1. For segment 98-109, which residues satisfy the criterion of being assigned to a loop (DSSP other than H, G, I, E, B) and either under 13 Å from residue 162 (Cα atoms) or hydroxyl-bearing (Ser, Thr, Tyr) (or both)?
2. So for segment 152-162 (the condition being open to solvent by 20 Å² or more (accessible area, probe 1.4 Å), among the acidic types (Asp, Glu) and in a loop (DSSP other than H, G, I, E, B)), does at least one residue qualify?
3. What do you reckon, is residue 131 within 18 Å of the chain's Cα centre (by Cα), among the hydrophobic types (A, V, I, L, M, F, W, C) and part of a strand (DSSP E or B)?
4. Which of the residues belonging to segment 63-96 are under 20 Å from the mean Cα position of the chain (by Cα), among the small types (Gly, Ala, Ser) and surrounded by fewer than 17 Cβ atoms within 10 Å (Cβ to Cβ)?
5. What number goes with the only condition from (1) open to solvent by 10 Å² or more (accessible area, probe 1.4 Å); (2) under 15 Å from the mean Cα position of the chain (by Cα) that residue 269 does not pass?
6. Hey, can you tell me all the residues within segment 214-233 that are assigned to a strand (DSSP E or B), under 25 Å from residue 123 (Cβ atoms) and either among the β-branched types (Val, Ile, Thr) or open to solvent by 20 Å² or more (accessible area, probe 1.4 Å) (or both)?
7. Scan segment 196-216 and report the pairs whose first residue is closer than 14 Å to residue 241 by Cβ and touching a residue at least 40 places away in the same chain (Cβ under 8 Å) and whose second residue is open to solvent by less than 10 Å² (accessible area, probe 1.4 Å) and charged (D, E, K, R), with Cβ atoms within less than 6 Å and a gap of 6+ or a chain change.
8. I need a count of the residues in segment 161-190 that are touching a helix residue (DSSP H, G or I) at 6+ places or on another chain (Cβ under 6 Å) and either without any contact (Cβ under 8 Å) to a residue 12 or more places away in the chain or under 9 Å from residue 207 (Cβ atoms) (or both).
Amino acid sequence: MKYTILISVLFIAAISCNTNETPKSWVFENSVLLDGVHPIGIALRSGELWLSDGDGNRLVHIDENGKTLGTIDSLDRPMHIAADATSLFVPQYGRDSIAIIGSGEMKSLSVSDSLDAPAGISVFKKEKAIADFYNNRILYNNGSEWSVFGQEGKSDGEFYYPTDVQITEDNIWVADAYNNRVQVFDKQGIFVKKFGEEQKINAATGIYVSATEVFVTDFENNRVLVFDREGRFKQTLNEGIEKPTDMLIKDEKLLIINYASGKLTTYHLGELQSQPQ
């Protein structure tokens with residue numbers, strides 16, 4: 001009997017502790033000026049931060065303070081980049097191709113069809129997905145073969161200039177830029193859900209999906225919107241943000257790149273504050 005009472009007390013105490021935990025939200029930390037970079041994409045290769053500088057036709061290796069550590073030149077309007085452990089994958093908007101840059105060499109990714117201004121790429125294990133901007137479609141490779149889904153339009157499963165894409169374990173997430181929304185698909189290209197329209201996004205240009213959240217750059221409204229992975233709105237980030245294009249999480253900090261100001265903005269998790277929609 002005493003043992004049963006003790007277990008009950010401990011159970012109630014555990015519930016109470018969990019209930020009293022303070023929810024967290026993303027809090028502005030700082031912004032640093034990049035050295036002549038107007039970034040479009042950001043990627044992490046083996047701990048290294050890389051930016052695509054579309055205006056400068058190059059990739060730029062930076063540290064977390066925004067200092068330039070190196071560059072890769074002679075590209076043609078690099079867009080939303082991706083990386084695996086050894087290589088950078090670079091959509092070249094001006095060359096209608098994807099460059100793969102490894103240690104000391106550059107080659108082109110072989111795809112199943114011609115691209116027209118590729119704007120984003122995602123790499124997940126052996127899988128790849130490309131946002132084919134002017135063709136209003138997504139090309140997806142499951143590790144062995146390519147498939148294609150999407151066409152121009154505003155209905156579910158259709159696109160109006162997809163700009164960025166990310167693969168996760170079960171889904172393909174698309175920044176459907178000028179439909180002002182995010183669309184989610186399974187890996188057969190079947191529409192699953194959409195969100196962001198209620199927040200009146202004006203150009204959803206970049207997307208980043210973490211283990212628990214989805215971040216969307218609302219380019220013309222100078223903000224980043226945070227959703228949970230079900231598409232429920234959580235938070236607006238606008239401090240230190242001017243024409244944002246992409247973001248990622250590194251060492252529990254959210255790094256956001258800003259095209260207009262040429263700045264890298266950092267947020268960290270802090271106490272939850274009420275947020276406007």
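1. Correct list: 103 only.
2. Yes, segment 152-162 contains at least one residue that is open to solvent by 20 Å² or more (accessible area, probe 1.4 Å), among the acidic types (Asp, Glu) and in a loop (DSSP other than H, G, I, E, B).
3. yes
4. Filtering segment 63-96 down to residues under 20 Å from the mean Cα position of the chain (by Cα) leaves 63-64, 66, 77-93.
When the remaining residues are screened for being among the small types (Gly, Ala, Ser), the result is 66, 82-83, 85, 87.
Correct list: 85 only.
5. Against the list (1) open to solvent by 10 Å² or more (accessible area, probe 1.4 Å); (2) under 15 Å from the mean Cα position of the chain (by Cα), residue 269 comes up short only on (2).
6. 214, 216, 217, 224, 226, 228, listed by residue number.
7. Taking only residues 6 or more apart or on different chains, the pairs are 206/164; 206/246.
8. Going residue by residue through segment 161-190, those that are touching a helix residue (DSSP H, G or I) at 6+ places or on another chain (Cβ under 6 Å) are 161, 163, 181.
Cutting the leftovers down to either without any contact (Cβ under 8 Å) to a residue 12 or more places away in the chain or under 9 Å from residue 207 (Cβ atoms) (or both) gives us 163.
Of the residues in segment 161-190, 1 are touching a helix residue (DSSP H, G or I) at 6+ places or on another chain (Cβ under 6 Å) and either without any contact (Cβ under 8 Å) to a residue 12 or more places away in the chain or under 9 Å from residue 207 (Cβ atoms) (or both).
The values are calculated or read from the model by the stated rules, or taken from the named source; none is laboratory data. Computed from a predicted structure; not experimentally measured. Note that we place each Cβ from the backbone using ideal geometry, even for glycine, and neighbour counts take in every protein chain shown. Accessible surface is based on the protein model in full, side chains and every heavy atom, while ligands, DNA and RNA are left aside. Shrake-Rupley method; radii C 1.70, N 1.55, O 1.52, S 1.80 Å.
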